[in-house]
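The values are calculated or read from the model by the stated rules, or taken from the named source; none is laboratory data. Since the structure is predicted, the reported quantities are computational estimates derived from the model, not experimental observations. As a convention, Cβ positions derive from the backbone with ideal geometry for all residues, glycine included, and neighbour counts pool all protein chains shown. Remember, those area values only see protein heavy atoms, side chains included, never the ligands or the DNA or RNA. Shrake-Rupley method; radii C 1.70, N 1.55, O 1.52, S 1.80 Å.
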Amino acid sequence: MPVPIKWSGAQQQKFVDYIDFELTTALTTHDHLVRQWIKWLEQYRAPAQQAVKNFPFEGAANFQLPMTATDVDQLYAKHIQTIHAPTNIWTTSPLNERWISAAKPIQDALTFLDTNLLHMYNVNKRVLLEMVKLGTGIYKTGWQYESRKVWTYDDQGNRTRVQKIRGMPFVDHVRLADFVIPSYSYAINPDLQGGAPWVAERMRISPARLKSLAGAQSPYLPNYDHTAVEAILK
């Protein structure tokens with residue numbers, strides 16, 4: 001479970017100034033990339049109706065061939081087929097003789113995990129399509145935790161209320177337009193040379209939704225602090 005950070009007054013203001021400068025600079029650089037991606041997406045769609053051309057003469061042919069879409073769709077299909085044509089998305093092999101008997105059960109467990117929880121095909125078809133269109137695909141992983149009271153039946157068939165806890169991993173796609181990285185970094189891993197000290201996913205939340213999140217109780221995280229939410233709304 002996430003634990004709130006406790007700041008002193010000076011520490012909090014110093015952090016606010018730091019993250020405000022970092023995000024403003026990163027988003028300014030990021031907007032330039034977004035404009036370039038929009039052009040690439042328009043090139044992929046190859047709209048049928050183009051503006052009237054006046055060169056070399058008024059009303060010249062203005063057809064646009066979908067060359068980008070032809071290449072992108074082929075690459076996308078090859079990536080999907082290579083990864084998801086086999087029945088198992090992960091293949092394990094033992095590094096030495098001690099792991100020979102464990103390799104196949106681990107592979108079966110990973111296949112069960114994908115089939116019942118992760119559903120990597122649904123994630124990959126979005127990530128890979130964006131990767132072949134724009135050059136980069138971003139994944140995010142995490143742990144989904146829920147604890148809530150539900151109605152069920154005991155051994156005698158009597159209706160009773162119990163606490164149901166559900167915890168499981170997830171893998172999801174981060175849209176490239178919403179993925180933010182410092183402009184001075186060129187690697188996501190902070191341990192690499194030029195690695196980013198932070199990365200962020202931009203969430204678009206309305207003021208009403210932000211207020212409802214602040215008033216939510218467990219298991220509806222993140223349970224934002226009311227004072228902080230009011231400061232943000234102002």
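Quick notes on this structure:
- Matching residues, segment 107-132, being touching a Phe, Trp or Tyr at 6+ places or on another chain (Cβ under 9 Å), among the charged types (D, E, K, R) and either farther than 29 Å from Pro94 by Cα or not in a helix (DSSP H, G or I) (or both): Lys125
- From the options Ile188, Ile165, residue that is open to solvent by 50 Å² or more (accessible area, probe 1.4 Å), under 30 Å from Val150 (Cα atoms) and touching a strand residue (DSSP E or B) at 6+ places or on another chain (Cβ under 8 Å): Ile165
- Of all the listed residues (Ile138, Ile181, Ile232), the sole one being open to solvent by 90 Å² or more (accessible area, probe 1.4 Å) and in contact (Cβ under 8 Å) with a residue 12 or more places away in the chain is Ile232.
- Residues (under 29 Å from the mean Cα position of the chain (by Cα) and part of a loop (DSSP other than H, G, I, E, B)) located in segment 61-76: Pro66
- Only one entry in Gln50, Gln12, Gln81 is within 18 Å of Met131 (Cα to Cα) and either open to solvent by 60 Å² or more (accessible area, probe 1.4 Å) or without any contact (Cβ under 8 Å) to a residue 12 or more places away in the chain (or both), namely Gln81.
- Looking only at residues in segment 84-103 that are exposed (fewer than 12 other Cβ atoms within 10 Å of the Cβ) and part of a helix (DSSP H, G or I), the one that is nearest to the chain's Cα centre (by Cα) is Ala102.
- Inside segment 122-156, residues that are over 12 Å from Arg175 (Cβ atoms) and of a type in the set (Lys, Arg) make up a count of 3.
- Residue within segment 49-60 that is over 28 Å from Ile181 (Cα atoms) and in a helix (DSSP H, G or I) present: no
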